[in-house]
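The values are calculated or read from the model by the stated rules, or taken from the named source; none is laboratory data. These numbers were taken from a predicted model, which means no experiment stands behind them. All Cβ positions, glycine included, derive from the backbone under ideal geometry; neighbour counts span all protein chains shown.
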């Protein structure tokens with residue numbers, strides 16, 4: 001991440017860092033070959049991936065690969081962790097797409113989307129280490145997870161020494177207004193989570209019969225892990241000044257992104 005943010009950084013420097021971890025190298029090349037990034041030319045080396053994608057896109061892929069490999073692994077919660085990773089990846093890409101219509105940096109938005117729910121993973125990792133807690137059903141854990149996951153995401157971001165703005169965003173990602181001021185990236189996260197849920201990449205099951213060409217926004221869940229209420233979505237949409245036409249375009253783009261990522265569940 002430091003290299004990618006250096007204006008004078010060279011591709012060779014980044015490749016040298018990545019090549020120290022063969023597993024990470026393989027994962028980066030796999031993501032670079034996915035439908036979301038792939039071109040007509042097959043990517044066969046890290047240097048080729050770096051040149052074709054650019055350093056900032058490569059940084060996003062590397063972070064996505066590291067997060068998947070290191071954070072989303074908790075014995076006994078494999079299914080939930082897989083859903084969480086897929087949700088986080090989808091929200092990252094959709095938040096970036098939404099923020100292209102705002103003054104928020106699209107690359108910053110991607111990182112916020114990727115990391116916004118890492119607090120859920122962190123709590124599940126702790127639960128997996130405690131035999132007496134591992135016996136609890138997900139329904140018993142969900143209220144506690146929902147209550148603390150945003151704060152936990154902020155604490156992790158601070159511990160990892162990520163930028164102040166980023167850990168503030170992930171710690172408050174279900175709030176549009178923070179300290180009396182509307183936050184554009186938070187609003188984009190709320191909108192992205194709604195669109196990902198509609199497309200089948202939410203933490204909760206998608207609405208029955210949802211589709212990208214629907215003129216009406218499906219009513220989101222009123223409760224459950226990582227749910228945003230309908231009024232919060234409307235508040236976020238207003239903060240971003242998303243017209244009906246702009247929202248319809250964003251919805252179609254979100255469905256396309258989720259489809260290309262291959263993370264949607266059947267409605």
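Within region 49-82, the set of residues being under 19 Å from residue 204 (Cα atoms) and crowded, with 19+ Cβ neighbours inside 10 Å comprises 72, 77, 80, 81.
Suppose the filter is out of contact with any helix residue (DSSP H, G or I) (no Cβ under 8 Å at 6 or more places or on another chain), within 25 Å of residue 170 (Cβ to Cβ) and modelled with pLDDT of 90 or more; does residue 243 pass it? It would help to see each step written out before you state the result.
On the way: out of contact with any helix residue (DSSP H, G or I) (no Cβ under 8 Å at 6 or more places or on another chain): yes; within 25 Å of residue 170 (Cβ to Cβ): no; modelled with pLDDT of 90 or more: yes.
Answer is no for this residue.
Looking only at region 73-89, which residues are in a helix (DSSP H, G or I) and farther than 17 Å from residue 116 by Cβ? Within region 73-89, 78, 79, 82 meet the criteria. Inside region 217-233, residues that are over 20 Å from the mean Cα position of the chain (by Cα) and either outside the structural domain of residue 146 (by TED's automatic domain parsing) or not in a loop (DSSP other than H, G, I, E, B) (or both) make up a count of 2. Among the residues of region 177-203, write down those that are surrounded by fewer than 24 Cβ atoms within 10 Å (Cβ to Cβ) and assigned to a loop (DSSP other than H, G, I, E, B). Listed by number, the residues that qualify are 179, 180, 183, 200.
At least 1 residues that are more than 17 Å from the chain's Cα centre (by Cα) in each: list the helices (runs of 4 or more DSSP H) lying fully within region 94-148 that qualify.
Numbers: elements: 106-115, 118-128, 131-134.
Those helices (runs of 4 or more DSSP H) span 118-128, 131-134.
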